[in-house]
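As C-alpha cells, the structure follows; a few thoughts come after it.
Just so it is clear, none of the values below were taken in a lab; they were calculated from the coordinates. Here the structure is a predicted model, which means the values were calculated and not measured. Backbone-built Cβ (ideal geometry, glycine too); neighbour counts: all protein chains shown.
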Amino acid sequence: MHDDPTASPSATAARRFPVRTAAGVCAAAVLALAAAWGMTPRSEPAARGVATADRGLRGAATATATVGVVPESTDGGDIPPDRDLTPFDTRYPAIDRLDKNLLKAVQKAARDARGDGIEFRVTSGWRSREHQQRLLDEGIRKYGSAKKARQFVNTPEKSTHVSGKAVDIGPTDADDWLIRNGADYGLCQVYNNEMWHFELLTSPGGHCPTPRPDAAG
C-alpha cells in the first residue's frame, strides 16, 4: 500500500510508527519468553539439527547391525520364506553346513546348468536335529501316522540332511536336469518319490544306483 501523496511527512510517519512499535513489542515478548525458557532464536534449528543427526546415527547403527546378519530363524537350517537360495548362498547354515564335497559338486553342477538356462534353488539343505524332528512331527500330523510320514521324512538319527549329506533342489526343471546329468558330478536322485533329493552316491562320471522307493525304504 502506497502513502497518500497529499499527506504530510509527519502524518505518514505517525501512521507507520504504531505498526512498527507493535512489531517491536511482539518481538521483544518472544525474546523474553525464549530467554525465560533458556532458549535463543537459534536453538530451535539447532535442536532440529541435533535430532536429525541423532536419527541418522541411529539409522546408521541399525543398518550396520543388520547388514550381512543371517536371521536367527535360519540357525536350524530353515530356508527364509521370502527369498530363494542358490548353492552359493553360504552365509546361510542350510548351505554352509552341507558336506563340503557335496556342496562343491552341487555348485559345479549349478554353474554348468546355467549354460543350459537352468537355475538351481536350494529348497532344503543341512538341518539341525530339532528341525528334522519338527518336520517329522508335522508329517505325522499330515499323514496320520509315523509309518506314512516316514515315507517322506526321516528321523533325526537317520536323516542325511542332519548329517549334511543331502540337498533338495528346485524347481522341477533343475531337478530334471540334475537327474539326467547329476552322475557327471557324483550326484544322484535317492528316492523315487522325491525327485528333488540328491546325495553323492557315485564318483563323478560313474553310475547312480537305482533310487529307493521312499525315505522309509
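Applying both filters, DSSP loop and at most 15 other Cβ atoms within 10 Å, to the GluC sites (Glu not before Pro) of region 109-217 gives Glu119, Glu157.
Kindly state, to the nearest 0.05, the FRET efficiency for Arg212 paired with Arg91, given R0 = 35 Å and r defined as their beta-carbon distance. Can you show the working numbers first?
Working: r = 33 Å, r/R0 = 0.94.
FRET efficiency, Arg212 to Arg91: 0.60.
Note on Asp137 and Glu119: their simple-model spin labels are 3.5 nm apart, each label 7 Å out from Cα toward Cβ. Which lysines, if any, have their Cα less than 22 Å from the Cα of Lys158, not counting same-chain residues under 8 positions apart? Those lysines meeting the cut-off are Lys100, Lys142, Lys147, Lys148. A Förster distance of 41 Å, applied to the separation of the beta-carbon atoms of Asp184 and Glu157, puts the FRET efficiency at 0.80.
Test of understanding: what is the full-extension gain from Arg83 to Lys148, defined as 0.36 nm times their sequence separation minus their Cα-Cα distance? Working shown, then result.
Working: separation 65, 0.36 × 65 = 23.40 nm, distance 3.04 nm.
Once the chain is fully extended between Arg83 and Lys148, it gains 20.4 nm.
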